[in-house]
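Here the structure comes first, spelled out in structure tokens, and everything after it is commentary.
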Amino acid sequence: MTVKITIGAVNRDHGSSRIYKTGGWRTMRPVVDLEKCISCYKCYDYCPDGAIKKLDKGITYDFDYCKGCGICAKECPVQAIVMIKEEK
């Protein structure tokens, strides 16, 4: 007899990251200094949540989906992004 065991999470709803707003998990918030930003968009490329939107000059965040992981700040070559404590 064969028994099928499911291990881990199973996401049956494709695209659920757009359905479920995960920004409420955030404890740190990214803040961008547009004066320092060189519009290289590395932050956009590395954001695992797609929470960064490109502007003509710089970026903006969709905080409904930003979980505050800080990858954007770590990858910014000119340190234009800093992480600050989230205030609810």
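Every number in this text was worked out from the coordinates using simple rules, so none of it is lab data. Predicted model only: the values in this text are computed from it and were never measured. Cβ atoms come from the backbone with ideal geometry, glycine included; neighbour counts cover every protein chain shown.
Odds and ends about this structure:
- Answer residue from region 23-72, given it is under 20 Å from Lys85 (Cα atoms) and among the acidic types (Asp, Glu) and is farthest from the chain's Cα centre (by Cα) among those: Asp33
- Checked against the criterion of being in contact with an Asp or Glu (Cβ under 8 Å, 6 or more places away or on another chain) and aromatic (Phe, Trp, Tyr), the candidates Tyr61, Tyr46 yield just one match: Tyr46.
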